[in-house]
């Protein structure tokens, strides 16, 4: 495994903060999640699935974004807790955190202190807008990051009101940019021995994936509004109704030949013959009426038939999936994208794999997410070498609550 | 001593035309790798797609091409010709990573399919990026960002009920597939180099983006349908509200946020209002009525005035910035997120890297390479 021998102290929480640790664990690192009941990971909360009592072990999303990790339950607001964490960092290679700037400093666990105890440490802070600057204290969830990044301003029907990206897109996007930066730092450390403090901004990660719009503004002063599914060079290009309740079909035509294939599969309807839509210029010019006419055709067909039929014709087409239907799709089934683990409370629980195969092998989830504090013994006795007496004393002080 | 960029001395190649591997290569180039882009003789088709300065098409001035390919080198090779393939193979002997996105039906007969190259050149990391995976019965199927977001479960939740679903703006499938490929490749480098990485863009959506939702759905907790600028099943407010000069995003997930919000807008009495007795219900059934109560407060203020209030009351919220507002924001300027690149007789403002660390900010960016400008140098290098 690529990261065997690498130990990670993971303060990351909720979604954006949790993913980097799981990816490093997926690559073979030992990732220790730092947790406390007094500030329980939001992803451990929520309505229980089994029974009626609140239970930190029952959130299915948590099981996904924390798989492969160990859990060390410790209260870092107590000086004894912070002291243990400092000792743990001294034995570790990477620290991840996504607190509001300054939180770790408050408990004596800021970068300068950590680096003094471990000179080649790599630490990644991944706050909303970075550690410094006028907006550094902003409170955010993923939706605020898409608002800042410029993405929300494009999200809506063409020319309509801004709807915003009402999804957590910004979370994994920030996480994955953080993973890349951490891996880059590990690569450099191998040859130079140098650590790094990485100050990632989730906002910047969001704007990074808006590059072509930023450049267009810079070059031409153009400020895009809501764009819908319009494409500058492709038509038809949109989500069209299929037969049934809320069934939709994405169809994207990028050449005149593909258009002919689509028309052929639809049985050459009267309106589609002739020259009006034969060229991309014509299809772009008459886009709106074309979308209406095509919608009438597609709504007569089952989405799965459309997808299969059009795919066979070489047309880019896909039935819109949701979280319940995706695990059945053959593209995902054959690559074993959705796997499962046995969880002591939830039982059979779906966990996603990785979106790549290495040397033809499907990567498999090696270990379920930890129970809260499941690995305190390992951390305290094996890693930190504490004796039973010392542990008892710390327990009395409620360092582990 | 100044820190060197992390990938100093690393050689990365891109073969096959796709913005996904161009983004993967960009992530490496921005951190100091030498990145060589292998283009067909007529050039990457992205060169012919805008935005262009003053909207005048010119294959050496495409803005998107510039964004993804600054600081890289370009060689133009016709890989249908044995001599050019030979040059490519010789050049790859000194490489560390090859990002491969070609799905040309002739690849296997030419011996340059990604799995073949991984066997021929066992010391380099070959990372293939395709819509459905190289190892897939859909390997040759057509796809683009629109259809990948549809298959990946992103689109169905975006937009208004009763209207066609939307998609995330711009080519997000390429960005995400490229980002995953860069991670996988770097992981393989750390594992000792070599090997065949097979990234599927569809799988990127299904895992990192929709995987947690799939697990929820298994336990009967599927996210409900599209709700425009609201999100069903969340406590009110979780939306974007119109303000004097645009829109403002607000999300009060906790009771503290909600109470502070009501205090901020001067309506603390609404905490007792039956309309808000169950904020999830308010959000799902009465959001327009609720929005109307707060519309005047938001409508009288600009987004930056509102932001100051949100900062003061410590409530999650943010202005919906236009591309212009993001590109000119003093916060980002202060963090040196943008840099000026000489380009097309002028200069253009470009994002750099979303992270700061010694050696992680490119000191300067060269504009994207002219087509084939590295051909002669490459011939010299491999000929020696």
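Read-outs: derived from the displayed coordinates by stated rules, not from any lab. These figures come from a predicted structure and were not determined experimentally. Cβ: placed from backbone, ideal geometry, glycine included. Neighbour counts: every protein chain shown.
Annotations
- Principal semi-axes in Å for the protein assembly as shown [√(5λ), Cα gyration tensor, largest first]: 39, 34, 26
- Nearest 10 degrees, 0 to 90: helix B:287-299 Cα axis against chain B principal axis: 90
- Seen from every direction in turn and averaged, the convex hull around the alpha carbons of the range B:195-338 projects onto 12.7 nm².
- Whether the range A:1-82 is rounded, prolate or oblate, judged on the alpha carbon gyration tensor where a/c under 1.5 counts as rounded: oblate
- Distance histogram in 5 Å bins (all Cα pairs of the range A:238-381, percent per bin): 2, 8, 14, 15, 12, 10, 9, 8, 6, 5, 4, 3, 2, 1, 0, 0
- Between residue A:364 and residue A:289, the contour length at 0.36 nm per residue exceeds the alpha carbon distance by 22.2 nm.
- Across q = 0.23, 0.29 Å⁻¹, the range A:347-401 modelled as identical point scatterers on its alpha-carbon atoms has Debye log10 I(q)/I(0) values of -0.91, -1.19, in the order of the q list.
- Neighbour-count order for B:314, B:361, B:72, fewest beta carbons within 10 angstrom listed first: B:314, B:361, B:72
- Here the average projected area of the convex hull drawn through the C-alpha atoms of the range A:42-141 stands at 8.0 nm².
- Taking the number of Cβ atoms within 10 Å of each Cβ as an exposure proxy, the fewest-first ranking of B:258, A:203 is B:258, A:203.
- GNM result for chain B, Cα springs below 10 Å: residue of B:219, B:196, B:294 fluctuating most strongly: B:219
- One chain, two ends: residue A:260 and residue A:192. Fully extended at 0.36 nm per residue, the span grows by 18.7 nm beyond their Cα-Cα distance.
- In this calculation the C-beta distance from residue B:255 to residue A:4 is compared with R0 = 60 Å, giving a FRET efficiency of 0.85.
- The range B:49-164: projected area of the alpha-carbon convex hull, averaged over directions, in nm²: 10.8
- Of the residues A:377, A:26, A:75, the one that moves most in a GNM of chain A with alpha-carbon contacts below 10 Å is A:377.
- Using a Förster distance of 51 Å, the FRET efficiency for residue B:108-residue B:55 (Cβ separation, nearest 0.05): 0.80
- The GNM of chain A, with springs linking C-alpha atoms under 10 angstrom apart, assigns the highest mean-square fluctuation among A:181, A:18, A:213 to A:213.
- Counting neighbouring Cβ atoms within 10 Å and putting the fewest first, the residues A:259, A:356 line up as A:259, A:356.
- Tilt relative to chain A, helix A:287-298 - C-alpha long axis, 0 to 90 degrees, to 10: 90
- Between residue B:89 and residue B:288, residue separation times 0.36 nm minus the direct Cα-Cα distance comes to 65.4 nm.
- Inter-label distance, nm, simple model (7 Å from Cα along the C-beta direction), residue A:345/residue A:105: 3.6
- On Cα atoms only, tilt of B:255-264 relative to the major axis of chain B in degrees: 70
- FRET efficiency for residue B:370 and residue B:224, using Cβ-Cβ distance with R0 set to 56 Å, rounded to 0.05: 0.60
- Mean Cα-pair separation over length for chain B, i.e. relative contact order, pairs under 8 Å, 6 or more apart, %: 19
- Kirkwood Rh, angstrom, chain A [1 / mean 1/r, Cα pairs]: 24.3
- Residue A:246-residue B:4 pseudo-label distance in nm [points 7 Å out on the Cα-to-Cβ vector]: 5.6
- The range B:215-260: translational diffusion in µm²/s, Stokes-Einstein, Kirkwood Rh over Cα pairs, 37 °C, 0.692 mPa s: 265
- Rg/Rg_ref, the range B:172-257, where Rg_ref = 2.2 N^0.38 Å and atoms are Cα: 1.58
- Tensor-based shape of chain B (alpha-carbon gyration tensor, a/c under 1.5 rounded, otherwise prolate or oblate): prolate
- Virtual spin-label span in nm between residue A:37 and residue B:377, 7 Å along Cα→Cβ: 6.2
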